[in-house]
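The values are calculated or read from the model by the stated rules, or taken from the named source; none is laboratory data. All of these numbers come straight from a predicted model, not from anything done at the bench. Here the Cβ positions follow ideal geometry from the backbone for every residue, glycine too, while neighbour counts run over all protein chains shown.
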Ligand code: NZQ
Ligand code: ZN
C-alpha cells in the first residue's frame, strides 16, 4: 500500500427489496422542488415510475420532470435539462434509471448554478464546480456503472464525436443517497444485464492492472471479481435468481465507488478505447469495453506479466504447475475470454457497427492514460483497434 490518499464516501445506500420505502425519509431533508429525471420509458412499463411518484406526492413535493434521457446522454439533452432544472428552482434532483440517468443528473446538478458552458468547463477543461451544486439522489434500475455511489459523469458530444467522462473531485457531486433494489433490475433485457456485468468486471480490472506493490485494494478486487464470476454465471442461466442479481448489484457499487482505487495508480485505458468506440457507434457501454478488452490485455500483458499471472491464478484458478509465467498469464486471459463468450458478450467492434474506415477516427477520440502497465502510443492504439474488428 504505497500510495497517499484520503477516503470519504458520503452516499447513503438503501439496499434490498424494500429499500424504496426509505425514499420518503430522504425527501424530508430537502426543499419543496424536486426534478425527477428518467430515461426512455422502462420505468413507466415496470411500475417504478408510479411507485416513485406516489412517494413524491405523499411528501407533498412540487415535481418537474426531465424524461427521455438516452443511453450515452448527449450534450444537447444536457442543455435541455439544465433549463428545466433552472426554471423549477430545483432543491433536489432525483434520478430514476441506470448509469446514463444518474450521470446526467450529476451533470445537470453541477450546471444549474453555473454561468459557463458545461461542456467546456467540465468535459474539456475538467474544472471543478465553483457554484452551488444541487443535491442528487438515485433510484437505480440498471446495474453496472457504479454511478450510484461515485462522482463520475459521462456525456457524449455528438457534433465533436467525443464521449468524455469527468470523475469530479468534489464529494458533493456524489449522490446524497441511492436506493438499490435488486428486484428493479429483473426487467432488464439480457443484453443490458450482461453488458452491465462486464462493465463491473472491467471497472475492477482497470484498477487491479496497475502498480507493483502489495496492496490491500488488489485483494479486495480479486474477491469482487470471484463473486461476480459466480453470480454472473447463475444470472446468465436464470436471470430471475434474486440472490445472484443482488450480489451483482452490490458488487457493481463496490467496483467503482473509489474504495478499490485507493493506493493504486489505476489504468482506465480500456474505458478510453471503449468510450471512443461509443462516441462513433453509440453502442452500449459495457459491450464497447468487451469488444476491445482482450486485444488490449494481450497487448499490455508482457509489461505487467506478474499481475496477469496473479490474475490467472487468484481469479480464474489456473493451475501453475510446470508452466512459465507467460503460459499461466495467457491461460488466465483465455479463461476470461471463455467466460465472456459464455455469458454472451459482444467480442468485436464490427458487431457494434465500426468498420476499418473508422479506425483512425476512433484512435483520434481515444484519450491516453498513464497509470497502467504500458502508456499506449498511436500505433499501439491503431493495432489494438484493428485486432478488435
Ligand atoms: O431509457 P430506459 O427506457 O429506462 O431504458 C434503459 C436503457 O435503454 C434500460 N433500462 C434501465 N433500467 C431498466 C431498463 N430496461 C428495463 N428494465 C430496467 N429496470 O437499459 C438501457 C441502458 O441504460 P443505461 O443507463 O444507459 O445503462 P448503464 O447503467 O450501463 O449506463 C451507461 C452510461 O454510464 C456511463 C457510460 O459511459 C454510459 O454513458 N458510465 C458511467 C460511469 C460512472 N458514472 O462512473 C462509469 C462507467 O464506466 C460508464 O462510463
Ligand atoms: Zn464502465
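Looking at 242, 198, can you tell me which residue is more than 22 Å from residue 41 (Cβ to Cβ), crowded, with 24+ Cβ neighbours inside 10 Å and within 15 Å of ligand 1 (Cβ to nearest atom)?
198
Within region 99-139, which residues are under 23 Å from residue 61 (Cα atoms) and assigned to a loop (DSSP other than H, G, I, E, B)?
110, 111, 112, 113, 132, 133, 134, 135
Looking at the structure I just gave you, is residue 143 surrounded by 24 or more Cβ atoms within 10 Å (Cβ to Cβ) and either over 13 Å from the mean Cα position of the chain (by Cα) or under 23 Å from residue 229 (Cβ atoms) (or both)?
Considered against the rule, which asks whether it is surrounded by 24 or more Cβ atoms within 10 Å (Cβ to Cβ) and either over 13 Å from the mean Cα position of the chain (by Cα) or under 23 Å from residue 229 (Cβ atoms) (or both), residue 143 comes out as yes.
Check 41, 47, 3 and return the single one that is under 28 Å from residue 187 (Cα atoms) and at pLDDT below 95.
None of the others qualify; the one that does is 41.
Can you tell me which residue is farthest from ligand 1 (Cβ to nearest atom) among those in region 146-166 that are outside any strand (DSSP E or B) and under 24 Å from residue 290 (Cβ atoms)?
161
Quick one: residue 169 ticks every box in (1) assigned to a loop (DSSP other than H, G, I, E, B); (2) in contact with a strand residue (DSSP E or B) (Cβ under 9 Å, 6 or more places away or on another chain); (3) within 25 Å of residue 204 (Cβ to Cβ) bar one, so which box is it?
Of (1) assigned to a loop (DSSP other than H, G, I, E, B); (2) in contact with a strand residue (DSSP E or B) (Cβ under 9 Å, 6 or more places away or on another chain); (3) within 25 Å of residue 204 (Cβ to Cβ), only one is false for residue 169: (2).
Just checking, does region 336-350 include any residue being in a loop (DSSP other than H, G, I, E, B) and over 21 Å from the mean Cα position of the chain (by Cα)?
Checked region 336-350: at least one residue is in a loop (DSSP other than H, G, I, E, B) and over 21 Å from the mean Cα position of the chain (by Cα).
Here are some conditions: (1) away from ligand 1 (no atom under 16 Å from the Cβ); (2) touching a residue at least 60 places away in the same chain (Cβ under 8 Å); (3) assigned by TED's automatic domain parsing to the domain that holds residue 76. Residue 143 meets all but one. Which one does it not meet?
Checking residue 143 against (1) away from ligand 1 (no atom under 16 Å from the Cβ); (2) touching a residue at least 60 places away in the same chain (Cβ under 8 Å); (3) assigned by TED's automatic domain parsing to the domain that holds residue 76, the one that fails is (1).
What number of residues within region 49-98 satisfy the criterion of being surrounded by fewer than 20 Cβ atoms within 10 Å (Cβ to Cβ) and in a strand (DSSP E or B)?
5
State whether the residues of region 256-265 include one that is within 30 Å of residue 382 (Cα to Cα), touching a residue at least 60 places away in the same chain (Cβ under 8 Å) and within 15 Å of ligand 1 (Cβ to nearest atom).
Scanning region 256-265, I find at least one residue that is within 30 Å of residue 382 (Cα to Cα), touching a residue at least 60 places away in the same chain (Cβ under 8 Å) and within 15 Å of ligand 1 (Cβ to nearest atom), so the answer is yes.
In this structure, is residue 309 farther than 27 Å from residue 3 by Cα, assigned by TED's automatic domain parsing to the domain that holds residue 361 and either outside any loop (DSSP other than H, G, I, E, B) or out of contact with any helix residue (DSSP H, G or I) (no Cβ under 6 Å at 6 or more places or on another chain) (or both)?
no
Can you say whether residue 137 is touching a residue at least 60 places away in the same chain (Cβ under 8 Å) and within 11 Å of ligand 1 (Cβ to nearest atom), as far as the supplied structure shows?
The answer is no for residue 137.
Test residue 179 against the stated conditions and say whether it is under 17 Å from the mean Cα position of the chain (by Cα), over 16 Å from residue 100 (Cβ atoms) and in a helix (DSSP H, G or I).
For residue 179, the condition - under 17 Å from the mean Cα position of the chain (by Cα), over 16 Å from residue 100 (Cβ atoms) and in a helix (DSSP H, G or I) - is not met.
Table: residues versus (1) surrounded by fewer than 22 Cβ atoms within 10 Å (Cβ to Cβ); (2) within 16 Å of ligand 2 (Cβ to nearest atom); (3) closer than 30 Å to residue 101 by Cβ.
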{"residue": "279", "(1), (2), (3)": "no, yes, yes"}
{"residue": "297", "(1), (2), (3)": "no, yes, no"}
{"residue": "316", "(1), (2), (3)": "yes, no, no"}
{"residue": "320", "(1), (2), (3)": "yes, no, no"}
{"residue": "323", "(1), (2), (3)": "yes, no, no"}
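Would you say residue 67 is more than 15 Å from ligand 1 (Cβ to nearest atom) and either outside the structural domain of residue 105 (by TED's automatic domain parsing) or in contact with a strand residue (DSSP E or B) (Cβ under 9 Å, 6 or more places away or on another chain) (or both)?
So residue 67 fails the test.
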